[in-house]
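Okay, structure first, notes after.
The values are calculated or read from the model by the stated rules, or taken from the named source; none is laboratory data. Everything numeric in this text was worked out from a predicted model, so none of it was measured. Please note: Cβ atoms are built from the backbone with ideal geometry, for glycine as well, and neighbour counts cover all protein chains shown. With ligands, DNA and RNA removed, areas are computed over all heavy atoms of the protein, side chains included. Shrake-Rupley method; radii C 1.70, N 1.55, O 1.52, S 1.80 Å.
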Amino acid sequence: MEERRFALKRIVPITFAYLFVGIAFGVMMSEAGYSPIWSLFAGIFIYAGSMQIVMVPLLVAGAPLYIIGIMTFLINARHLFYGIGFVEKFRKMGKKYPYMVLTLTDEVYSILCLNDYPDDVNEQKTDFYIALFCHLLWIFSCILGALIGEFIPFDMKGIEFSATAFFLVVCVNQWETYKTKIPAITGLMCAVVFLIILGPEKFLLPALSVSLFILILLKNKINLFIQKEGA
Amino acid sequence: MDFLYTFFAIIIVATVTGLIRSAPFLVFGGKKELPNYVQYLGYALPPAIMVILVVYCLRNIEISAFPFGLAEIISVVLIIIIQTTKKNTFLSILIGTTIYMVLIRTVFPV
């Protein structure tokens, strides 16, 4: 199969989530009185769904720029962890390397985590098309929301759950392909424990950091499984 | 609205986001041979991150009061069952999301 077609097939599961969140952002921007050009600009250069949504009320309120910077860090800090697994792969991609790094969103990350490719496609080319098509879809969604969002007659509430559903499907696939269940269980335990202790707004970074730490501690144990898997 | 303020606000959000995404590559990308533990984490970390991401998406459900997060819980269980038995990503997401959208409109209105 050709890379482009395979990449398109891969992004189908996240299409609705991107459309929904992008349109929601565009509508908010328009309602706040911003020209669609701003939505386009944000979609191209920010390309981070929840942060773009959070940004709108900050813009409207005229929040100080340093506050906006700190908010961005707090909301997107989870992305600090995404690149670790892709350093090896992306840095071999030449001119496309920076683009791959800057477009590594939650959704792109989870699609690349599926990590199975038919024999007849080039992995790197496919990954690039996945990143590119996701980005274009996102830009399209933002501008669509800004232009005609308020005229969309359907009640789309709940469609954003399709992103959660996709992340969950990736979890199930990993659960089945990984011989060791330690990483998944570590993540789940950390997430649940910190969610209970710290609450929904603060649990994410501790959960990610402690998981990272535990997995480093368990390196020798997990490496035994890697050898068995030949990964 | 102030043109320059809006422009710089967007540039700042974009720059901070870009720096966060680049951080692991800036730290490790320049090395000839990747440290052993980075290669290891490339294998071991993704399942932990994905599970945490799912919990993050579900973080705002309230399990101590109606509707007890039941719409989410039912959909999640359904997706796990369909994906383990049918192994069809599209089907799992389609059914899971549809059931969720129906539940929050009928049985467990929010």
- Applying the selection to segment B:29-42, what residues are farther than 30 Å from A:Leu65 by Cβ and either more than 21 Å from the chain's Cα centre (by Cα) or open to solvent by 30 Å² or more (accessible area, probe 1.4 Å) (or both)? B:Gly30, B:Lys31, B:Lys32, B:Glu33, B:Leu34, B:Pro35, B:Asn36, B:Tyr37, B:Val38, B:Gln39, B:Tyr40
- Task: Report yes if some residue within segment B:5-25 is more than 30 Å from A:Ile37 (Cβ to Cβ), surrounded by 20 or more Cβ atoms within 10 Å (Cβ to Cβ) and not assigned by TED's automatic domain parsing to the domain that holds B:Val107; otherwise report no.
- Result: yes
- Item | Test: A:Pro206 is in contact with a Cys (Cβ under 9 Å, 6 or more places away or on another chain) and outside the structural domain of A:Arg10 (by TED's automatic domain parsing) | yes
- Residues being open to solvent by less than 40 Å² (accessible area, probe 1.4 Å), more than 8 Å from every other protein chain (Cβ to nearest Cβ) and part of a helix (DSSP H, G or I) - total across segment A:89-105: 2
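One line per residue, one yes/no per condition, for (1) among the aliphatic types (A, V, I, L, M); (2) more than 23 Å from B:Ile80 (Cβ to Cβ):
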{"residue": "A:Trp138", "(1), (2)": "no, yes"}
{"residue": "A:Ser141", "(1), (2)": "no, yes"}
{"residue": "A:Phe151", "(1), (2)": "no, yes"}
{"residue": "A:Val169", "(1), (2)": "yes, no"}
{"residue": "A:Thr177", "(1), (2)": "no, no"}
{"residue": "A:Cys190", "(1), (2)": "no, no"}
{"residue": "A:Leu195", "(1), (2)": "yes, no"}
{"residue": "A:Lys202", "(1), (2)": "no, yes"}
{"residue": "A:Lys221", "(1), (2)": "no, yes"}
- Note on the structure: (1) exposed (fewer than 14 other Cβ atoms within 10 Å of the Cβ); (2) outside any helix (DSSP H, G or I); (3) more than 9 Å from chain A (Cβ to nearest Cβ) all hold for B:Asn60 apart from (3)
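I need the helices (runs of 4 or more DSSP H) fully contained in segment A:135-231, keeping only those with at least 2 residues that are more than 9 Å from every other protein chain (Cβ to nearest Cβ).
Details: elements: A:161-177, A:182-198, A:204-217, A:219-229.
Here the list reads A:182-198, A:204-217, A:219-229.
If you go through segment B:81-97 one residue at a time, how many are open to solvent by 70 Å² or more (accessible area, probe 1.4 Å) and either farther than 21 Å from A:Trp175 by Cβ or part of a helix (DSSP H, G or I) (or both)?
Of the residues in segment B:81-97, 5 are open to solvent by 70 Å² or more (accessible area, probe 1.4 Å) and either farther than 21 Å from A:Trp175 by Cβ or part of a helix (DSSP H, G or I) (or both).
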- Only one of (1) more than 16 Å from the chain's Cα centre (by Cα); (2) in the same structural domain as B:Phe108 (by TED's automatic domain parsing) is not met by B:Gly96, so which one is it? (1)
- Every listed condition ((1) over 23 Å from A:Val12 (Cβ atoms); (2) more than 7 Å from chain B (Cβ to nearest Cβ); (3) among the small types (Gly, Ala, Ser)) holds for A:Gly83 save (2)
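Matching residues to (1) more than 15 Å from A:Ile11 (Cα to Cα); (2) crowded, with 18+ Cβ neighbours inside 10 Å; (3) at pLDDT below 90:
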site	(1), (2), (3)
A:His135	no, yes, no
A:Ile143	yes, yes, no
A:Glu176	yes, no, no
A:Ala184	yes, yes, no
- Message: Between A:Ile37, A:Ile46, A:Ile53, A:Ile75, which is under 16 Å from the mean Cα position of the chain (by Cα), more than 10 Å from every other protein chain (Cβ to nearest Cβ) and free of Cβ contacts under 8 Å to residues at least 40 places away in the same chain?
- Response: A:Ile53
